[in-house]
1. Could you look through region 490-499, keep only residues that are within 16 Å of ligand 1 (Cβ to nearest atom) and within 14 Å of Ala538 (Cα to Cα), and pick out the one that is surrounded by the fewest Cβ atoms within 10 Å (Cβ to Cβ)?
2. For region 33-75, which residues satisfy the criterion of being closer than 23 Å to Arg274 by Cβ, free of Cβ contacts under 8 Å to residues at least 24 places away in the same chain and not small (Gly, Ala, Ser)?
3. Do we find a residue being away from ligand 1 (no atom under 15 Å from the Cβ), modelled with pLDDT of 95 or more and under 26 Å from Gln460 (Cα atoms) anywhere in region 384-394?
4. For region 249-283, which residues satisfy the criterion of being under 19 Å from Ala522 (Cα atoms), within 16 Å of ligand 1 (Cβ to nearest atom) and part of a loop (DSSP other than H, G, I, E, B)?
5. Restricting to region 283-302, and then to whatever is at pLDDT below 90 and in contact with a strand residue (DSSP E or B) (Cβ under 9 Å, 6 or more places away or on another chain), can you tell me which residue is surrounded by the most Cβ atoms within 10 Å (Cβ to Cβ)?
6. Scanning region 347-366 for residues that are away from ligand 1 (no atom under 15 Å from the Cβ) and assigned to a loop (DSSP other than H, G, I, E, B), which turns out farthest from Phe434 (Cα to Cα)?
7. List every residue pair whose Cβ atoms sit under 7 Å apart, with the two residues 6 or more apart in sequence or on different chains, where the first one lies in region 437-448 and is within 13 Å of Gly185 (Cβ to Cβ) and more than 7 Å from ligand 1 (Cβ to nearest atom) and the second, anywhere, is modelled with pLDDT of 95 or more and assigned to a loop (DSSP other than H, G, I, E, B).
8. Here is a list of conditions, (1) in contact with a Cys (Cβ under 9 Å, 6 or more places away or on another chain); (2) among the polar types (S, T, N, Q); (3) at pLDDT below 95, and Ser436 meets all of them except one; can you say which number that is?
Amino acid sequence: MSTLTGVGVSPGVGVGPAHVLAYEATVPDPDSRHGGDAGDAEAELARAGRALERVAADLEERGVRVGGEAREILQAQAMMARDPGLADGVARLVEAGTSAARAVYEAFGHYRDLLAAAGGYLGARVADLDDIRDRVVAVIEGRSMPGVPTGTGQPYVLVARDLAPADTALLSPDVVAAFVTEQGGPTGHTAILARALGVPAVVACQGVTSIVPGTPLLVDGASGLVRPEPSDDEVLRAREAAAARKAGQASAKGPGRTADGHAVPLLANIGGPRDVAAALEHGAEGVGLYRTEFLFLDRAEAPSEQEQEAAYLEVLDAFPGGGVVVRTLDAGADKPLAFLPPGAHEPNPALGERGVRLFRTHPEIMDTQLAALAAAASRSSARLQVMAPMVATAEEAAWFAAACDAAGLPSAGVMIEIPSAALRAADLAVRAAFFSIGTNDLAQYALAADRQLGALAGLQEAWQPALLDLVALAAAGAAERGRPCGVCGEAAADPALACVFVGLGVTSLSMSAPSLPAVRAALARHTRQQCHLAAVAARAASSAGEARAEARSHLPGLADLGL
Ligand code: PEP
Ligand code: MG
């Protein structure tokens with residue numbers, strides 16, 4: 001079989017037999033009915049309720065065990081299993097005589113259709129929903145829940161159409177040599193979880209699920225190559241390259257800087273206090289993006305000011321004297337929060353009432369969050385900066401800055417993740433104290449490509465010259481007003497792109513903690529001038545692939561590092 005190519009989303013080399021995950025979910029018989037009288041209905045309903053709760057509790061428990069961003073994702077899944085609307089749907093069907101298993105199957109089907117029709121991020125959640133449904137049906141029918149093997153003895157390469165967060169969250173690198181999925185994009189669940197686990201991963205790899213189970217695979221999570229039946233020599237070379245990469249990365253220490261000493265603070269993206277340990281372990285100089293909505297995903301009501309203050313203070317206290325950038329709630333679209341729904345039905349949630357826009361309709365939620373942040377800052381020696389997500393105009397930036405001023409938070413910045421904000425960066429910088437470029441959303445909006453769709457991974461690549469142009473515009477707009485401009489999207493974790501961003505005028509880089517050493521090493525190998533030349537070459541290219549190749553030709557140290 002020839003080599004397959006996908007998108008490498010978590011670096012490293014993994015070798016092992018393919019374990020192809022096939023969810024052979026059983027479909028309960030459409031005609032399956034219970035006994036029919038009220039007692040039967042009651043018993044059947046209780047069975048369904050117990051199974052839904054057991055699955056929810058199991059997901060939650062897995063989340064607690066694994067922690068970090070995985071926990072938030074699993075908690076969101078547990079919430080789906082506990083959805084009151086779903087329970088009502090099951091009850092209606094059971095009362096009409098349908099068996100518990102079939103009722104659950106059909107009730108999920110209703111939500112599934114709604115999500116699939118909504119498309120976008122919600123459409124991409126269909127796989128998550130199916131996974132929960134199959135678990136609940138399995139419990140009702142007395143079968144074990146679907147999942148991946150954990151005790152096969154030999155590390156294997158997990159191959160799947162897509163991976164359910166419930167499955168991947170608990171896998172350890174001792175058991176799984178690598179992940180390869182046919183779907184998913186660079187900013188999807190599998191990618192984020194694989195990086196958090198430190199497991200090499202390739203997503204959007206067409207044809208990989210046709211591989212015969214047991215076929216030996218060599219997976220390179222940096223280049224995105226998947227080689228079936230590799231020779232001993234190929235495995236050896238790939239492993240040597242990975243070892244060289246690790247050794248080279250370990251050699252760079254201390255704060256981020258280019259070879260000629262230009263400082264580029266390297267910061268961590270976190271979802272809550274539990275991610276702080278990894279940030280410190282990988283030498284983060286501070287936090288560049290604290291995604292506060294991850295604290296509240298499983299909540300039916302907005303958390304109290306005191307509760308928020310405690311969560312913020314815990315993070316601030318981990319960086320005494322350092323900087324922590326907290327993003328205010330980014331609810332909506334790919335991060336729906338139960339207590340902060342959009343005002344009306346949204347055919348396109350990614351273009352809807354989300355991010356800072358929701359604060360304008362729910363100022364009380366903003367006031368509570370800003371007050372909690374101000375209170376935490378007053379009790380800590382860390383330097384707190386606050387920023388708003390999804391800012392589109394200078395007027396929004398000014399409105400948010402005024403709200404922060406009123407709350408006693410002097411340093412209010414904005415995320416640049418909408419093209420209009422990048423195009424008018426100098427206007428936004430009049431009131432915004434700093435920028436942080438969210439390349440995940442900026443790519444989604446610039447290329448009109450849903451960030452959750454693996455099939456569009458090529459358009460979401462941050463190497464797209466159009467995206468690089470927008471980053472350059474944002475950095476120039478910030479510089480014009482003497483404002484710092486960081487990048488906190490996943491693209492900052494790509495060592496080559498990190499150098500290009502510095503060349504474009506970006507002043508700090510924030511990423512998931514395990515990516516920090518590679519970026520630190522890449523910067524340390526290149527001068528600011530080399531970064532500048534790489535950026536100019538990338539912007540002159542006419543495709544993402546060409547931009548990458550051109551930039552790399554100016555960054556020879558990357559190959560030395562095996563990056
Ligand atoms: C981004 O959009 O790049 C970003 C960092 O924010 P999030 O991924 O949380 O939307
Ligand atoms: Mg974003």
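1. First, the residues of region 490-499 that are within 16 Å of ligand 1 (Cβ to nearest atom): 490-494, 497-498.
The next check asks that each one be within 14 Å of Ala538 (Cα to Cα); those that pass are 497-498.
Values: Leu497: 31, Ala498: 27.
Filtering first and then ranking leaves Ala498.
2. Our first condition is that a residue be closer than 23 Å to Arg274 by Cβ; within region 33-75, this holds for 56-75.
Then keep just the ones that are free of Cβ contacts under 8 Å to residues at least 24 places away in the same chain; that gives 57, 60-61, 64.
Glu60, Glu61, Val64 - these are the residues of region 33-75 that are closer than 23 Å to Arg274 by Cβ, free of Cβ contacts under 8 Å to residues at least 24 places away in the same chain and not small (Gly, Ala, Ser).
3. The answer is yes; a qualifying residue exists.
4. Result: no residue meets the conditions.
5. Across region 283-302, the extreme among qualifying residues is Phe294.
6. Kept after step one, since they are away from ligand 1 (no atom under 15 Å from the Cβ), are these residues of region 347-366: 347-348, 353, 359-366.
Filter once more, so that each one left must be assigned to a loop (DSSP other than H, G, I, E, B): 347-348, 353, 362.
Values: Pro347: 33, Asn348: 29, Glu353: 24, His362: 24 Å.
The selected residue is Pro347.
7. As it stands, the answer is Ala443/Gln464; Leu447/Gln464, since those pairs meet every condition given.
8. Of the numbered conditions (1) in contact with a Cys (Cβ under 9 Å, 6 or more places away or on another chain); (2) among the polar types (S, T, N, Q); (3) at pLDDT below 95, the odd one out for Ser436 is (3).
The values are calculated or read from the model by the stated rules, or taken from the named source; none is laboratory data. On a predicted model such as this, the values are computed, not experimentally measured, just so you know. Note that we place each Cβ from the backbone using ideal geometry, even for glycine, and neighbour counts take in every protein chain shown.
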